[in-house]
1. Looking at the range 58-93 only, could you name the residues that are in contact (Cβ under 8 Å) with a residue 60 or more places away in the chain, closer than 18 Å to LYS2 by Cα and either touching a Lys or Arg at 6+ places or on another chain (Cβ under 6 Å) or in a helix (DSSP H, G or I) (or both)?
2. Filter the range 1-51 down to the residues that are closer than 23 Å to GLY82 by Cβ, in a helix (DSSP H, G or I) and free of Cβ contacts under 8 Å to residues at least 60 places away in the same chain and list them by number.
3. Mind listing whichever residues of the range 19-57 are under 19 Å from SER76 (Cα atoms) and loosely packed, with under 13 Cβ neighbours inside 10 Å?
4. Tell me yes or no: at least one residue of the range 7-17 is under 19 Å from GLU92 (Cα atoms), buried (at least 17 other Cβ atoms within 10 Å of the Cβ), of a type in the set (A, V, I, L, M, F, W, C) and under 14 Å from the mean Cα position of the chain (by Cα).
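Please treat every number below as a calculation from the coordinates, not as lab data. Nothing here was measured: the structure is a model prediction, and the numbers come from that model. Cβ: placed from backbone, ideal geometry, glycine included. Neighbour counts: every protein chain shown.
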Amino acid sequence: MKPRDVAHAIENKTPGDEGGGKERSKWIVLDGKRVLRVTYPKSHSADIKRGTLESIRKMLRLDRDQFDDFISCSMSGSDYEGHLRTLISSGEL
């Protein structure tokens, strides 16, 4: 996957505050409370390595199929927010 595709999905589908630094990061905020933080690489021309993609997927609390849907635009921002709320209500987050 290209870094711009991952960055675009995270920046547009997750509610929250973006951070700065060596890598991009974003606090995902629900109901005014920081729920989780995701860090992802800055844009460059090469594909993101598999291990880095797995790390991003785990930070977003998605399984592989959900992550593919999240990046490919099959999962909307409201769908992702609903997923997080389900994790919160089940005590997993």
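1. PHE70, ILE71
2. Across the range 1-51, the qualifying residues are ALA7, HIS8, ILE10, GLU11.
3. The one that is under 19 Å from SER76 (Cα atoms) and loosely packed, with under 13 Cβ neighbours inside 10 Å: ASP31.
4. Scanning the range 7-17 turns up no residue that is under 19 Å from GLU92 (Cα atoms), buried (at least 17 other Cβ atoms within 10 Å of the Cβ), of a type in the set (A, V, I, L, M, F, W, C) and under 14 Å from the mean Cα position of the chain (by Cα).
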